Amino acid sequence: GYHSFECGGAFTTLAVAPRQCFNVADAAGTPEARLWALAVQIYSLRRAGDGPTGRAGDGGIGDFSALSQFAVKAANEGAAGLVLSPVHAAFASDPHHFSPYAPSSRQFLNPLHADPGVVFGGAAVDEAIAHLGLGETYAALERSDYVDWLAATPAKLAVLRHLFDVALPRMPDLAADFHAFRTAGGPSLDGHARFEAIHGERFRADTGQWHWRSWPEALRDPHSAEVSNFARLHAGEVTFHAFLQFVASRSLTLAQNAARSAGMPIGLISDLAIGTDGGGSQAWSRQDEMLIGLSVGAPPDLMNAIGQTWGLAAFSPRALVRTGFSVFREMLAATMGPAGGVRIDHVMGLMRLWMVPDGAAARDGAYLAYP
């Protein structure tokens, strides 16, 4: 575990680690295990409903209930796990930014993959869809061979908002669970929810304010009085975005439970992207721990003679040491929590990253070592 250590007036974080990580042999219960898993892109795991007047499906984007169903089928064929595409939080107000490898935050989830039916019950979801007149929209999105992020995102969020506004107040036990979830999420969850609320307002008013560095100066600082005042005046919107994380978290946890109950020794294997979008919630809310003005990329090589710049923000090595790796530990805990394993994208990034200054050519970057 992690401990705060004081010696002679100096403070540091002490990590007491086991000799090795929990591994495949541990999951299988034997050192001679030979296990196999399948890789799945969650958004492509489609779950159809019963049509405009029947039970809803996934609304056009593969969800965690479809993942549960697939996990059971794969387990029956002997699969030990499912390697997932990243389920990191995107930008609720802008469905154009849907890449799971350029998320708003690696600590939180994409609520578009949540199935509110496993939280509220199918009848409540169907009532919401009917009330909003989205039956035909849902049916059309579910019939499509392609994922239409631009159409599916507002439809799914509208249903989730109706459940938040109408169904949640009628379910005191569920509301209490949400309150406990939000309390446990602490400042990190609150920071993400505040960002989503502010980003939605600024971007809808002016598309030139998509990036938080284009916002009014006072709103660029997550700890400013103006941000606190915004959160107070828009408390309902901030709470809604925390609620989205609650529904997504519960839905994903149920998927892992289904995989393990079906006999998978590992179950879901999360995918941790190499960085976050520099305009997202993690870069905004944890500025003191991020490298602002630099992007992760790759140097020139035989495959790409000019190198690459990916537009992703990374952690500051000095800040990691100064804070006892708190932001990194929180991210790993969030990634590991509802999963049986983790795949780390570009795992060498734990040791060094090619960082490129904003506006510079990729070849002008440099490797930055990590502690």
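No value in this document is a laboratory result; all are computed from the given coordinates. Since this is a predicted model, take the numbers as computed values, not measurements. Here the Cβ is made from the backbone with ideal geometry for all residues, glycine too, and neighbour counts use every protein chain on show.
Each of 13, 153, 239, 276 has some number of other Cβ atoms within 10 Å of its Cβ, and from fewest to most they run 13, 239, 153, 276.
Charged side chains reduced to their Cβ positions (Lys and Arg at +1, Asp and Glu at -1) give the stretch 8-103 a dipole of some 80 debye around its Cα centre.
Summing charges over neighbours of residue 106, with a neighbour being any other residue whose Cβ is under 12 Å away from its Cβ, gives -3 when K and R count +1 and D and E count -1.
Converting phi to 3J(HN,Hα) with the Karplus coefficients 6.51, -1.76 and 1.60 and the offset θ = phi - 60°, the stretch 208-215 yields x, 9, 4, 7, 5, 6, 9, 6 Hz in sequence order, with x at every glycine or proline. By the beta-carbon count within 10 Å of each Cβ, the least crowded to most crowded order of 234, 88, 179, fewest first, is 179, 234, 88.
The calculated FRET efficiency for the pair residue 253 and residue 351, based on their C-beta separation and a Förster distance of 25 Å, comes to about 0.20. In this Cβ point-charge picture (+1 for Lys and Arg, -1 for Asp and Glu), the chain has a dipole of about 600 debye about its Cα centre. Expressed to the nearest 5 percent, the antiparallel share of DSSP beta bridges inside the stretch 2-369 is 65 percent.
Ranked for footprinting exposure by Cβ neighbours inside 10 Å, fewest first, 112, 38 give 38, 112.
Pick the calculated volume of the Cα convex hull per residue in Å³ for this structure from [x] 252; [y] 137; [z] 177? So the calculated entry is the one marked [z]. Where only DSSP H runs of four or more residues are counted, the chain gives -12500 deg cm²/dmol as its mean residue ellipticity at 222 nm, each run worth -39500 (n - 2.57). Using the alpha-carbon positions of the stretch 239-302, Rg (one decimal) and Dmax (whole number) come out as 17.5, 49 Å.
Full extension of the chain segment joining residue 55 with residue 207 gains 51.1 nm, where the gain is 0.36 nm per residue of separation less the Cα-Cα distance.
Comparing mean-square fluctuations of 201, 127, 217 from a GNM of the chain with C-alpha springs under 10 Å, the top value falls on 217. Computed on the chain, with alpha-carbon pairs under 8 angstrom and 6+ residues apart, the relative contact order is 19 percent.
Rounded to whole numbers, the Karplus 3J(HN,Hα) couplings from phi for the stretch 282-287 are 5, 5, 6, 7, 10, 4 Hz, using 6.51 cos²θ - 1.76 cosθ + 1.60 with θ = phi - 60°, and x at Gly and Pro. Extension gain, residue 16 to residue 161, is 47.9 nm, computed as 0.36 nm per intervening residue step minus the present C-alpha separation.
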